[in-house]
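**Q** Below is one structure. I have some questions about it.
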Amino acid sequence: MKQILVIDDDVDICNLLASYLSKNGFKVTTSFSGKSGLDSVSKNLPDVVLCDFRLNDMTGSDVLEKIKEKNLQTPVVIMTGYSDVRTAVNIIKMGAYDYVTKPLLPEEILLTLNKAINQNKSINTNEKKINVSTAKKTKKEKSNYVFGESKVFKTILEQIQLVAPTNYSVIIYGESGSGKESVASEIHNKSSRAGKPFVAIDCGSLSKEIASSELFGHEKGSFTGAAGLKQGSFELANGGTIFLDEIGNLSYDTQVALLRVVQERKMRRVGGVQDIELDLRIIVASNERLSEAAKKGRFREDLYHRFNEFSIEVPALRNRQEDILMFAEFFLEKTNQELNKNVKGFSPEVVRTFHSYYWPGNLRELNNVVKRATLLTSGDQMLLNSLPYEIVHHERLGFETPDRGESVDKFHPSASEFQKKSFPISDFGMKQASLGAEFEMILEALKKCNFNKSKAARLLNVDRKTLYNKMKQYKEFNDNL
């Protein structure tokens, strides 16, 4: 029986999840703090951990970091609210498997947990935390990515066509979730190495202690826990292409070891005495300029120059408006197949919302939103009420849309930076004005509690039913504005 550990300081949520997951064939353990959850991970070794991002004693990222420090392979799924989407994306970079947003949807949680468990089984079978694939696909296989039709993306395709036949190293720049790995895979597929291994590894998920072993492998007995010989990512990619995502997160010591591999095309397993000749192409990716990181001393300048033979910039989703609907339709088709549904498209209101929202999580966030909304759609067209409230009302809630080319940080305010929405007096009576003021207070509480309504109710010193009624009143008034 598959074991799930749920970590949340909200007892009601833990009990509800335990009840639902138990009915669906899981053995569920619950913990009400990060510390007790970490103790349970060590003792019980669950198949997957479902952890709230905001705990009383630590954050979800703290829990994830501790699990990584123990070199455990347990996948971690983070529960968060839309006010913390960008934080959730950063947690994915740290090595979390995925995130689910509140309010929680049972079917979404079940789908995500099963995927995490199935992927981890595949990883354990190969004793790896990497994704190895070949470039050749059968006609029946579905692509995990579709290339956009915007002018900027056509330029990227032209760059791919130009650099793919060469053996140049490539740096791919872009925000998290923007599709950097898919660009790297396309370069590989159009190169002379197509049909050879394409190995992708997320450097952001590698702690300093395990990075060398994961990248270069180790010999049996080379350190405590090295029960057998292990091939590293570079050895597995030999003959093909290795893709190092979030390369800037590697420690200085690992960068030194990597420099020798890049210069000499030779490597040695940890604890080994014999060099292994390498014939492979190296593609790296970063969400920050490596030249700037080198100036600040966070990245070796000589290593940067070795990689910087060619570079490609993948734009944020908000900067390629023409592609948003195409990607949404692509994700809808995939989700229909997964859920055996037949949602045929999006209402005009949904399309307008997709184009006005700023997508801090880029394609990863759009994919999650479409999956979540498809679950909630009962007809053949996705309507506005299937989308998360925070996305539909992002402008009213103070989440402005950034101009093209601007950083998303500036447009993702925290609870303390919440911008109050003002309305003309003629739009209100005293009752509506009072309701608006109440909702501002409710929204502040929700944001502080990561949109956990039970915690927000306790913070506001009201019961949960009163909170729901107040939100319903505001929504009815809000929809009539």
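The values are calculated or read from the model by the stated rules, or taken from the named source; none is laboratory data. Everything quoted here is computed from the prediction, not taken from an experiment. Every residue, glycine as well, gets a Cβ built from its backbone with ideal geometry; the counts of neighbours run over all protein chains shown.
**Q** Take the residues in the range 236-253 that are out of contact with any Leu (no Cβ under 7 Å at 6 or more places or on another chain) and surrounded by fewer than 19 Cβ atoms within 10 Å (Cβ to Cβ); name whichever of them is farthest from Ile91 (Cα to Cα).
**A** The qualifying residue farthest from Ile91 (Cα to Cα) is Asp253.
**Q** Take the range 263-304 and flag every residue that is over 25 Å from the mean Cα position of the chain (by Cα), among the β-branched types (Val, Ile, Thr) and not in a loop (DSSP other than H, G, I, E, B).
**A** Result: Val270, Ile276.
**Q** Answer yes or no: is there a residue in the range 120-139 that is in contact with a strand residue (DSSP E or B) (Cβ under 9 Å, 6 or more places away or on another chain), buried (at least 18 other Cβ atoms within 10 Å of the Cβ), modelled with pLDDT under 65 and among the aliphatic types (A, V, I, L, M).
**A** yes
**Q** Identify the single condition in (1) without any contact (Cβ under 8 Å) to a residue 40 or more places away in the chain; (2) surrounded by 15 or more Cβ atoms within 10 Å (Cβ to Cβ); (3) of a type outside the set (Lys, Arg); (4) within 30 Å of Arg464 (Cα to Cα) that Asn15 does not satisfy, given that it satisfies every other one.
**A** Exception for Asn15: condition (2).
**Q** Tell me, which helices (runs of 4 or more DSSP H) lie completely within the range 329-395 with 2 or more residues that are out of contact with any helix residue (DSSP H, G or I) (no Cβ under 7 Å at 6 or more places or on another chain)?
**A** Counting at least 2 such residues, we get 348-356.
**Q** Scanning the range 158-173 for residues that are surrounded by 19 or more Cβ atoms within 10 Å (Cβ to Cβ) and closer than 20 Å to Ala293 by Cβ, which turns out nearest to the chain's Cα centre (by Cα)?
**A** My answer is Ile172.
**Q** Would you mind finding the one in Phe423, Phe439 that is over 24 Å from the mean Cα position of the chain (by Cα), part of a loop (DSSP other than H, G, I, E, B) and at pLDDT below 75?
**A** Phe423
**Q** For the range 205-213, state whether one or more residues are surrounded by 16 or more Cβ atoms within 10 Å (Cβ to Cβ), touching a Cys at 6+ places or on another chain (Cβ under 9 Å), within 26 Å of Ile67 (Cβ to Cβ) and in contact (Cβ under 8 Å) with a residue 12 or more places away in the chain.
**A** Yes, the range 205-213 contains a residue that is surrounded by 16 or more Cβ atoms within 10 Å (Cβ to Cβ), touching a Cys at 6+ places or on another chain (Cβ under 9 Å), within 26 Å of Ile67 (Cβ to Cβ) and in contact (Cβ under 8 Å) with a residue 12 or more places away in the chain.
**Q** Considering the range 455-469 alone, what residues qualify as being closer than 16 Å to Pro103 by Cβ and either of a type in the set (Ser, Thr, Tyr) or touching a His at 6+ places or on another chain (Cβ under 8 Å) (or both)?
**A** Within the range 455-469, Tyr468 is the sole residue that qualifies.
**Q** Name, by its number, the condition in (1) in contact with an Asp or Glu (Cβ under 7 Å, 6 or more places away or on another chain); (2) among the polar types (S, T, N, Q); (3) over 18 Å from Gly204 (Cβ atoms) that does not hold for Ser233.
**A** (3)
**Q** Further question on the same structure: Quick test of your reading of the structure: Glu246 fulfils all but one of (1) without any contact (Cβ under 8 Å) to a residue 60 or more places away in the chain; (2) more than 22 Å from Thr166 (Cα to Cα). Name the failing condition by number.
**A** Glu246 satisfies every listed condition except (1).
**Q** Still on this structure: It is to be established whether one or more residues within the range 264-281 are buried (at least 17 other Cβ atoms within 10 Å of the Cβ), over 17 Å from Ser212 (Cβ atoms) and not acidic (Asp, Glu).
**A** yes
**Q** Oh, and also: Mind checking whether some residue in the range 83-93 is acidic (Asp, Glu) and at pLDDT 70 or above?
**A** Scanning the range 83-93, I find no residue that is acidic (Asp, Glu) and at pLDDT 70 or above, so the answer is no.
**Q** Answer yes or no as to whether Gly204 is small (Gly, Ala, Ser) and assigned to a loop (DSSP other than H, G, I, E, B).
**A** No: the conditions fail for Gly204.
Table: residues versus (1) under 30 Å from Leu244 (Cβ atoms); (2) out of contact with any strand residue (DSSP E or B) (no Cβ under 9 Å at 6 or more places or on another chain); (3) touching a residue at least 12 places away in the same chain (Cβ under 8 Å); (4) crowded, with 19+ Cβ neighbours inside 10 Å.
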{"position": "Arg306", "(1), (2), (3), (4)": "yes, no, yes, no"}
{"position": "Ile312", "(1), (2), (3), (4)": "yes, no, yes, yes"}
{"position": "Leu366", "(1), (2), (3), (4)": "yes, yes, yes, yes"}
{"position": "Ser378", "(1), (2), (3), (4)": "no, yes, no, no"}
{"position": "Met382", "(1), (2), (3), (4)": "no, no, yes, yes"}
